[in-house]
1. Exactly one condition in (1) in contact (Cβ under 8 Å) with a residue 24 or more places away in the chain; (2) among the charged types (D, E, K, R); (3) over 30 Å from LEU86 (Cα atoms) is not met by ASP44; state its number.
2. Quick one: would you say LEU47 is more than 18 Å from ILE92 (Cα to Cα), outside the structural domain of PRO14 (by TED's automatic domain parsing) and in a helix (DSSP H, G or I)?
3. Write out, first by first residue and then by second, each pair whose Cβ atoms fall under 8 Å of each other, whose residues are 6+ apart or on separate chains, and whose first residue, in the range 62-84, is in the same structural domain as ALA45 (by TED's automatic domain parsing) and more than 11 Å from LEU47 (Cβ to Cβ) while the second is part of a helix (DSSP H, G or I) and among the hydroxyl-bearing types (Ser, Thr, Tyr).
Amino acid sequence: MKFAFIAARDVAFPVAAMCRLLGVTRSGFYAWVKRPNPARARSDAQLAATVAAVHHRSRRTWGSPRVHRELLARGMRVGKKPVERLMRENGI
């Protein structure tokens, strides 16, 4: 969380000063910047796009149970709770 804060404000303030203020190392920050997104974040982004498309196709009337059933009908292996979470996080 501290690294994300530093990354969001690196234009306004020097990275070294923010790292010192927040008690993290500069090398740790730059290692975090280079690190690829976690697999869960990538799969969540892909699933969120699919969930949004299914919801949009239903004229924005389906809730998570129907969206979940549609994803299962399409052959996707996904649980009900992740669909609910992604819909909630994306304001669907």
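The values are calculated or read from the model by the stated rules, or taken from the named source; none is laboratory data. Everything quoted here is computed from the prediction, not taken from an experiment. Backbone-built Cβ (ideal geometry, glycine too); neighbour counts: all protein chains shown.
1. (3)
2. Working: more than 18 Å from ILE92 (Cα to Cα): no; outside the structural domain of PRO14 (by TED's automatic domain parsing): yes; in a helix (DSSP H, G or I): yes.
No: the conditions fail for LEU47.
3. Between residues of the range 62-84 that are in the same structural domain as ALA45 (by TED's automatic domain parsing) and more than 11 Å from LEU47 (Cβ to Cβ) and residues that are part of a helix (DSSP H, G or I) and among the hydroxyl-bearing types (Ser, Thr, Tyr), the close pairs are LYS80/SER64; GLU84/SER64.
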